[in-house]
Each structure stands twice: as structure tokens, then as C-alpha cells.
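Report on the structure given below.
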Amino acid sequence: MPLPRPAALDMKAPLPVARPGADRASVPTPKAAVADAEQAHCTALIAANIATFEHTASVSGISGEALCGDEAPVRMTAVKLADGGSVELRPVVVARCEIALQFARWVRDDLAPATTPHDGALQRLEIAASYSCRPRNHLAGARLSEHGLANAIDVRAVVLSRGGRVAINDLVRPAMLFGEMRRSACARFTTVLGPGADAAHADHLHVDLARRRNGYRICQWDPANEPMP
Ligand SMILES: [Zn+2]
């Protein structure tokens, strides 16, 4: 009788059970985990192919006693639209990959489709601020702004091919676009502050991806509280 071939014996051996992380000598430090997560966002931003951007040198600084900066921000100059067009960001946005990706999705999937034939195409977003090493609302002694972590973007105005420039606080504005802008911003970002929130946000829309305990979100942009024409 021939002996069973080794391969046949091996087939009966129990398969090793994959247990992710179980055989690691050490768990990642929180900093490494954060870096891994951010790298995943950068990879996703590249794969999505929905923005024109380049990686830039790390940014850093000190605001009061707080450290600003990000190790691998991007400079994003435009968002690519599904129809082949693009929306220019002026001046360029300097931000972490996670919010750059979310912002590009917002412009492409929510804002651009919300324009009417009367508005024409969304051509440009005027950016009031992105990375900026400073305290909140420029108040000395206040906590570090999410802008200091390259985790926030301020929009001052939209520019439409037919509707022209419409500032965030303009009294006459495309209702459908601005309604969708508010709804979708509050769905995508964890902080939304605009006119109606406070004096510091009377002339621009601030969005960021701050993480808070219990997933608490802030959605304060109340066009209804603004004087209507
Ligand atoms: Zn802001």
C-alpha cells in the first residue's frame, strides 16, 4: 500500500484561524494609529480622483501654548465634477486628507448638482481660510482652532456661471443651492457655523471634522434668522 502523500495529510490539518492583530508584538501607539488612519484618507483621496491637489510639506507652528500643524497636508486647487467640469478653489485649500476628501465629495456630489439652469454651473468657491495656526475666532487665549490642525475650511462665496458671485451672507441667493448647502454640510461635517451662529461667522461658512465625545455635532447656520430681501 502506498503511503498517503504529504499533501493529502496537509489538507486535513486545521487551517490557521486569522485573528487580526493577535500575533502583533505590540499594539500601535495612538499616534501611529492616527497616522495610519490619515494615510488611509490620503490613499482614498487619490483613489477617488475627484480633486486636483498635491501633497505638500508638513505644516507646524505654535499658537499660545498649543502646537499647530499636520504632517502630510494637501494643497487642493479644484474639485473635479462628474460631468468633466471642475470647481476652482481660490485661494487654494491647505488641509488634512480627511477633510479635503470630504470637502471634495461635498462640492461634487451635493453642491454642484443643486444649481438650477438659472444659476448656471458652479465654477468657483472663494475660500476665506483653511490651515491657519491660530486660536478660535482669532481670540487670544482661546483654545486652538481646528484651522490650526488643518481640519477646517471656511467658504466666503460661491461663483456661478450665470448667477455670478454670491457671498454666504448675501441677502439675495439661490434658495435651492443654499438650502442644499446647509443640509449637506451638516450631514457631512461635525461642525458647521455660518451666519446666524455668532458674530465671528457672520460673513462665512466654517466646516470642520472635529471629533467630540459621544459624536456630538454642531450645525449652526440659520439662513432663516437672517434678514430676507
Ligand atoms: Zn473657520
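The values are calculated or read from the model by the stated rules, or taken from the named source; none is laboratory data. Treat the numbers as computed from the prediction; the structure is a model and nothing was measured. Cβ sites come from the backbone with ideal geometry, for glycine too, and all protein chains shown count toward neighbours.
Tabulated data for the structure shown
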quantity	calculated
Number of positions in segment 45-94 that are under 20 Å from Ile127 (Cβ atoms) and without any contact (Cβ under 8 Å) to a residue 24 or more places away in the chain	4
Residue among Ala82, Ala57 that alone is at pLDDT 75 or above, among the hydrophobic types (A, V, I, L, M, F, W, C), touching a Lys or Arg at 6+ places or on another chain (Cβ under 8 Å) and in a loop (DSSP other than H, G, I, E, B)	Ala82
Test: residue in segment 166-176 that is under 17 Å from Val207 (Cβ atoms), out of contact with any Pro (no Cβ under 9 Å at 6 or more places or on another chain) and among the hydrophobic types (A, V, I, L, M, F, W, C)	yes
Qualifying residues in segment 140-150 (those that are within 13 Å of the ligand (Cβ to nearest atom) and either part of a loop (DSSP other than H, G, I, E, B) or of a type outside the set (A, V, I, L, M, F, W, C) (or both)) - the one modelled with the lowest pLDDT	Ala142
Test: residue in segment 119-133 that is out of contact with any Cys (no Cβ under 8 Å at 6 or more places or on another chain), polar (S, T, N, Q) and within 14 Å of the ligand (Cβ to nearest atom)	yes
Selection from segment 114-132 of residues that are in a loop (DSSP other than H, G, I, E, B), of a type in the set (A, V, I, L, M, F, W, C) and closer than 14 Å to Val93 by Cα	none
Filtered residues of segment 83-94 (kept if more than 17 Å from Ser161 (Cα to Cα) and either touching a His at 6+ places or on another chain (Cβ under 9 Å) or surrounded by fewer than 16 Cβ atoms within 10 Å (Cβ to Cβ) (or both))	Pro91
Among the candidates Ile153, Ile168, residue that is closer than 19 Å to Val93 by Cβ and out of contact with any Ser or Thr (no Cβ under 9 Å at 6 or more places or on another chain)	Ile168
Residue within segment 174-186 that is touching a Gly at 6+ places or on another chain (Cβ under 9 Å) and surrounded by fewer than 16 Cβ atoms within 10 Å (Cβ to Cβ) present	no
Among the residues listed as Ile99, Ile153, the single one being under 22 Å from Ala48 (Cβ atoms), aliphatic (A, V, I, L, M), within 16 Å of the ligand (Cβ to nearest atom) and not in a strand (DSSP E or B)	Ile99
Some residue of segment 108-119 being surrounded by 22 or more Cβ atoms within 10 Å (Cβ to Cβ), more than 13 Å from the chain's Cα centre (by Cα) and touching a residue at least 60 places away in the same chain (Cβ under 8 Å)	yes
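For every residue, the table says whether it meets (1) buried (at least 18 other Cβ atoms within 10 Å of the Cβ); (2) among the small types (Gly, Ala, Ser).
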position	(1), (2)
Leu144	yes, no
Asp154	yes, no
Ala157	yes, yes
Gly196	no, yes
His201	yes, no
Arg217	no, no
Asp222	no, no
